[in-house]
Amino acid sequence: MKTVLITGAAGFLGSHLCDRFIDENFRVIGMDNLITGDLQNILHLLEHPRFTFYNHDVTQYISMDEDIDYILHFASPASPIDYLKIPIQTLKVGAMGTHNLLGLAKAKKARILIASTSEIYGDPLEHPQHESYHGNVSSIGPRGVYDEAKRYMEAITMAYHRFHGIETRIVRIFNTFGPRMRLNDGRVIPAFIGQALRDEPLTLFGDGSQTRSFCYIEDQVEGIYRLLMSDYHLPVNIGNPEEITINQLANEISDVIGKPLEIITHKLPEGDPVKRKPDISKAKEILDWEPQISREEGLQKTYAYFKNLPKEKLWNTEHRNFERYYK
Ligand code: NAD
Ligand code: UDP
């Protein structure tokens, strides 16, 4: 039986990955310090005979007796407000955390996949974004703490691959959504659905003409799984190439919920990319992967999940004062 270590296991993507690897008959070790995650996401796995959880900060030395075959490094704040709130931890988990996990991969002779992001393209000047594009990132802008941590993460991963010969995989994840996101983590889909459920107006940043391309979680997990099992070590974009404006998204959420929603506008946060859409030709060619789930279906499933959350989660409006972080 193969063993996989998944960091960020109590988070949105990490918890779905834990489920997938349990389903694939792996022994799964989940690791998380719960800084932006929620143990609730993996509560159903805690008693599973093939699952172990360690509450550990991956920026600290990681000691493991077990043999490990695969590592998936998904620990990192991922919502813009989260990483503006905890900028130093964000830099540390991308830099020191990744270094620790690469060291562990080397010691265990494990294959490691790291979670990179479309943010490494910054506010892109090339559209859609192909893996060959080097990006347009401000190292000193507010998003620099995340973008540069992820760029460093890619650089050190390639260095371990080239210098130590370890097996590495790099996934560049584009906006992904679905059940188990934190309802109030500030990312646009949970933010809008939470506001709709509380009968509050939707907070539209800027004029809403900025674009994103939203991928449903099941498609994302499938892409990541295929990349890990492939023999390809260079970065691969995984995301849904269907691009929409945030205005359109607000309308679609109103359709899903079945009532018109009021909108109030706020200043566009500094560094908020104007457009984003993955070129997924590489994923299609190398992994025979493309998204299968429509945005409408994904939004329906996500809404069904958020609607049934306990009231205290709905009313925990942790990022309501987002203007403190978005200058
Ligand atoms: P999330 O906040 O739900 O999950 C991240 C998890 O990492 C949390 O459970 C958090 O507690 C944990 N964590 C953070 N710092 C840690 C540390 N030092 N030690 C141990 N655990 C730590 O976010 P997510 O959306 O699931 O994102 C997971 C990964 O995917 C991140 O690396 C993120 O950069 C990447 N990613 C996500 C998206 C997306 O759209 N969801 C897009 C691009 C990249
Ligand atoms: N956004 C918005 N209202 C919100 C939250 C986000 O209009 O309450 C916008 C944000 O300005 C960005 C897009 O939605 O243009 C996606 O934001 P998110 O935080 O989900 O992720 P990003 O892609 O910016 O990392």
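Tabulated values for the structure
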read-out: Test: ILE217 is over 20 Å from GLU312 (Cα atoms) and more than 16 Å from the chain's Cα centre (by Cα); value: no
read-out: Positions within the stretch 134-152 being under 30 Å from ILE293 (Cα atoms) and either among the β-branched types (Val, Ile, Thr) or touching a helix residue (DSSP H, G or I) at 6+ places or on another chain (Cβ under 6 Å) (or both), in sequence order; value: GLY135, TYR146, ASP147, LYS150, ARG151
read-out: Candidates SER63, SER79, SER15, filtered to the one that is hydroxyl-bearing (Ser, Thr, Tyr) and within 16 Å of ligand 2 (Cβ to nearest atom); value: SER79
read-out: Some residue of the stretch 250-260 being touching a residue at least 24 places away in the same chain (Cβ under 8 Å) and touching a Pro at 6+ places or on another chain (Cβ under 8 Å); value: yes
read-out: Test: residue in the stretch 146-168 that is under 18 Å from CYS215 (Cα atoms), modelled with pLDDT of 95 or more and charged (D, E, K, R); value: no
read-out: The stretch 188-219: number of residues that are away from ligand 1 (no atom under 16 Å from the Cβ), buried (at least 22 other Cβ atoms within 10 Å of the Cβ) and within 18 Å of TYR326 (Cα to Cα); value: 1
read-out: Yes/no for THR168 being in contact (Cβ under 8 Å) with a residue 40 or more places away in the chain, near ligand 2 (Cβ under 10 Å from one of its atoms) and β-branched (Val, Ile, Thr); value: no
read-out: Residue among ILE35, ILE29, ILE22 that alone is within 11 Å of ligand 1 (Cβ to nearest atom), more than 22 Å from ARG172 (Cβ to Cβ), hydrophobic (A, V, I, L, M, F, W, C) and surrounded by 15 or more Cβ atoms within 10 Å (Cβ to Cβ); value: ILE35
read-out: Count of residues meeting criterion [more than 18 Å from ARG276 (Cβ to Cβ) and part of a loop (DSSP other than H, G, I, E, B)] in the stretch 165-177; value: 3
read-out: Given (1) surrounded by fewer than 22 Cβ atoms within 10 Å (Cβ to Cβ); (2) farther than 20 Å from LEU268 by Cβ; (3) within 16 Å of ligand 1 (Cβ to nearest atom); (4) of a type outside the set (Ser, Thr, Tyr), number of the condition ASP185 does not satisfy; value: (2)
read-out: Only one of HIS99, HIS73, HIS44 that is in contact with a strand residue (DSSP E or B) (Cβ under 8 Å, 6 or more places away or on another chain) and either touching a residue at least 40 places away in the same chain (Cβ under 8 Å) or within 18 Å of GLY14 (Cα to Cα) (or both); value: HIS73
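Here's the yes/no breakdown for (1) within 15 Å of ligand 1 (Cβ to nearest atom); (2) surrounded by 16 or more Cβ atoms within 10 Å (Cβ to Cβ); (3) of a type outside the set (S, T, N, Q):
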| site | (1), (2), (3) |
| --- | --- |
| GLY223 | yes, yes, yes |
| LEU227 | yes, yes, yes |
| ASP231 | no, no, yes |
| GLY239 | yes, yes, yes |
| THR245 | no, no, no |
| ILE257 | no, yes, yes |
| LEU268 | no, yes, yes |
| LYS275 | no, yes, yes |
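The values are calculated or read from the model by the stated rules, or taken from the named source; none is laboratory data. These numbers come from a predicted model, not from an experiment. Every residue, glycine as well, gets a Cβ built from its backbone with ideal geometry; the counts of neighbours run over all protein chains shown.
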